[in-house]
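Below: the structure, in structure tokens.
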Amino acid sequence: MLCYTPILMYHSVYVDRPHRGGVQRETLRAHLQWLGERGWRGVSLRDHLRTPHRHDVCVTFDDGYINNITLALPLLAEYGFKATFFVCTRLAGQALDWHREDPQPVMGPDGWRELHAHGHEVASHGMTHRRLSELCVEEAHAELVNSRADLEAVVGPIAGYAFPQGNFSTAVLDAVRQEYGYACTTRPRGRIRQDRWTLKRLNIGPADDLQRFQRKMSWLFRLACDLGL
């Protein structure tokens, strides 16, 4: 169930001016339209883990960019998809480091409320997007616990966490298991044990036009990644 349910990882969305890691709005539209036409159900990770269905696809957005609301949210509504948004809770109005030349600000509580009001899942990506394995125990614990508390004060119970940059250590993973119902990483090539706290995702980036997206959605591609091919 978990291994071959596609979990897609998007970040920023743009209209005309490309920026690092972003996907053009009409490319996202083409992805969602293709999925819908082939019978995929766009559901949040939380709902999929509660009640899995063989035609589920889980669309996720990392970091909490404001453009997720202005550009992605209308498309999700148009195609009847629900998604999971992993947000950084202490960066409202700021731009993450890799957007110094093309600032893409991060949403705050008003954005979380809007996503929640539209039936999407809001989950944690930490407070400040720091790699937990590089922090001391106290700092890593604060990132996990305080980010969840920030979100729960606004939208209620939080189930999920996404490791910033997909990075974790054994100690971090143990802590996440204690604090969250599930967690996501990226999808590294090579065999890696996967359970509810190491869910692998397919990164969807600026090079993923519809043809390349279709290839990534194939079970053969995902199996090849798992085998390190």
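The values are calculated or read from the model by the stated rules, or taken from the named source; none is laboratory data. Here the structure is a predicted model, which means the values were calculated and not measured. Here the Cβ is made from the backbone with ideal geometry for all residues, glycine too, and neighbour counts use every protein chain on show.
Give the residue that is surrounded by the most Cβ atoms within 10 Å (Cβ to Cβ), with candidates limited to residues of the stretch 115-137 that are over 22 Å from L71 (Cβ atoms) and at pLDDT 90 or above. Step through it out loud before you land on a result.
Initial filter on the stretch 115-137 (over 22 Å from L71 (Cβ atoms)): 124, 126-128, 130-137.
Then keep just the ones that are at pLDDT 90 or above; that gives 124, 126-128.
Details: S124: 29, G126: 26, M127: 20, T128: 17.
So the residue we want is S124.
Looking only at residues in the stretch 138-156 that are among the charged types (D, E, K, R) and surrounded by 19 or more Cβ atoms within 10 Å (Cβ to Cβ), which one is modelled with the lowest pLDDT? Reasoning before the result, please.
So in the stretch 138-156, the residues among the charged types (D, E, K, R) come out as 138-139, 143, 148, 150, 152.
Still in the list and also surrounded by 19 or more Cβ atoms within 10 Å (Cβ to Cβ): 143, 148, 150.
On the way: E143: 94, R148: 97, D150: 98.
Among residues in the stretch 138-156 that are among the charged types (D, E, K, R) and surrounded by 19 or more Cβ atoms within 10 Å (Cβ to Cβ), the one modelled with the lowest pLDDT is E143.
The set of residues from the stretch 31-55 being buried (at least 18 other Cβ atoms within 10 Å of the Cβ) and hydroxyl-bearing (S, T, Y) comprises just one member, S44.
Yes/no matrix, rows are residues, columns are (1) crowded, with 18+ Cβ neighbours inside 10 Å; (2) not aliphatic (A, V, I, L, M):
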{"position": "D63", "(1), (2)": "yes, yes"}
{"position": "I69", "(1), (2)": "yes, no"}
{"position": "A72", "(1), (2)": "yes, no"}
{"position": "A77", "(1), (2)": "no, no"}
{"position": "A83", "(1), (2)": "yes, no"}
{"position": "Q94", "(1), (2)": "no, yes"}
{"position": "P103", "(1), (2)": "no, yes"}
{"position": "R113", "(1), (2)": "no, yes"}
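If the condition is being closer than 17 Å to T186 by Cα, at pLDDT below 90 and in a helix (DSSP H, G or I), then the stretch 200-227 contributes W219, F221, R222, L223, A224, C225, D226, L227. Across the stretch 32-52, the number of residues qualifying as under 16 Å from the mean Cα position of the chain (by Cα) and either in a helix (DSSP H, G or I) or without any contact (Cβ under 8 Å) to a residue 40 or more places away in the chain (or both) comes to 7.
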